[in-house]
Amino acid sequence: MKEEKKTKNITPKEREKYGKTGSVVAILCNVALAAGKIAAGVISGAISVLADGLNNLSDCGSGAVSLVSFRLAAKPADKEHPYGHQRVEYIASMAVAFIILVVAFELAKESVGKILSPEAAEFSVLALAVLAASVLVKGFMFFYARALGKKIDSDVLLALSKDSLSDCVATLVVIAGLLVQRFTGFNPDGYAGVLVAVFVAVSGIGILKETMSKLIGQAPDPELIEKIKERIFAHKEVLGVHDVSVFSYGPNKFYASVHIEVDASVDVMRSHELVDEIEQEFASETNISLTGHLDPIVVNDPQVVALREKFGALVRSLDECYSMHDFRTVPGEHKTNVIFEVAVPFDCKKSEEEVKEEICRAVEQADGGIYRPVVLVERQ
């Protein structure tokens, strides 16, 4: 998940307009290329040129999928989809990836057939000129779709740009095959086609993996988490920030929840007003809908402060990746309950129960066992 910085000055309407424009450009370019290559292939009798034209014709389907996705993604939230429809773009990216994989499979099958049953390639100046022009057009489409995709943070346009790059390589291989055939008499078409098919398939699999990851629920960008914390810490009343969770419902739609620590001695209405101010600031200045949870922290009781620092250091001594928060004490007749939460990174090999047992054992051994730990372990 990337932060809103790339699209913060682009409204949803402008984003839809950019996306549709990029999709239409892709469709028109592919229609022109397909017509030119199919015509050149029929006239010259070059099968590879004709196949490359049919490949461009299939790319029109990718452009159409992109065009439809931007229209659907721009639909406002409704009763059935209260978070909007922007994830349609992820589904569209998957559709483009599947189209790329189908093309790769067909290209590989055709190339293996040419290896097993070699055919003489026809050299044609017309076909060569059409192919050279195709490389230039596809190169333009790659840079155009990539730039536009980054500008509006669109996975489907970035997928189209990768598809265009794959087509560039495929067409260059066809050109190389014609030239090698022309000057050496050897026809490398089939072998080169297999290499191209592998390249195209890798591109499609990469798009598919990235899109599936986002649909499943990809972890937020660490930079985004830090920027959220920085913005909250800009309010001097905030003493701490933890349990930051970010959820994406599309390329430009984020929902976040966070626990905000404040001085427990401050009037609760004032602290609540502070959280409201932070939430409204995010709503008006970012594309993140933030919900803040108020965590009052005792700062005026020296004993509680000392215990919080003591057990915070104890937890970090067990593993520097552990972090403690939400610390409070409940004195009893014989023992004092120390209640806190510990955040543990996902890559920690220990189970949550093992971490809890480790921390509880260390706390119970502190100062002759006068503390009873109540620990909640969570992954972050």
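The values are calculated or read from the model by the stated rules, or taken from the named source; none is laboratory data. Keep in mind that what you see is a predicted model, and the values were worked out from it rather than measured. All Cβ positions, glycine included, derive from the backbone under ideal geometry; neighbour counts span all protein chains shown.
Tabulated data for the structure shown
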quantity	calculated
Residues (under 31 Å from the mean Cα position of the chain (by Cα) and aromatic (F, W, Y)) located in the stretch 337-355	F346
Complete set of residues in the stretch 110-155 that are among the charged types (D, E, K, R) and either at pLDDT below 85 or closer than 30 Å to K253 by Cα (or both)	E110, K114, E119, E122, R146, K150, K151, D153, D155
Only one of K109, K162, K138 that is of a type in the set (K, R), within 34 Å of the chain's Cα centre (by Cα), part of a helix (DSSP H, G or I) and more than 25 Å from Y90 (Cβ to Cβ)	K109
Long-range neighbours under 6 Å by Cβ, at least six apart or interchain, first residue more than 18 Å from V258 (Cα to Cα) within the stretch 206-225, second surrounded by 12 or more Cβ atoms within 10 Å (Cβ to Cβ) and of a type in the set (A, V, I, L, M)	I207/A97; I207/A159; L208/A97; T211/M94
In the stretch 351-380, the residues that are in a helix (DSSP H, G or I) and of a type in the set (A, V, I, L, M)	V355, I359, A362, V363, A366
Within the stretch 203-238, considering residues that are of a type in the set (V, I, T) and surrounded by 13 or more Cβ atoms within 10 Å (Cβ to Cβ), the one nearest to the chain's Cα centre (by Cα)	T211
Inter-residue pairs, beta-carbon under 7 Å, first more than 14 Å from A234 (Cβ to Cβ) and in the stretch 260-282, second part of a helix (DSSP H, G or I) and among the polar types (S, T, N, Q), 6+ apart	V262/S271
From A77, A95, A39, residue being of a type in the set (G, A, S), touching a Gly at 6+ places or on another chain (Cβ under 9 Å), in a loop (DSSP other than H, G, I, E, B) and at pLDDT 80 or above	A77
Check on T184, farther than 30 Å from Y322 by Cβ, more than 13 Å from the chain's Cα centre (by Cα) and in the same structural domain as K109 (by TED's automatic domain parsing)	yes
Test: residue in the stretch 335-349 that is over 17 Å from H242 (Cβ atoms) and aliphatic (A, V, I, L, M)	yes
Cβ pairs under 6 Å, 6+ apart, first in the stretch 358-372 and under 20 Å from D319 (Cβ atoms), second buried (at least 18 other Cβ atoms within 10 Å of the Cβ) and among the hydroxyl-bearing types (S, T, Y)	V363/Y371
Single match in V266, V246, V299 (criterion: more than 30 Å from I91 (Cβ to Cβ), at pLDDT 90 or above and of a type in the set (A, V, I, L, M))	V266
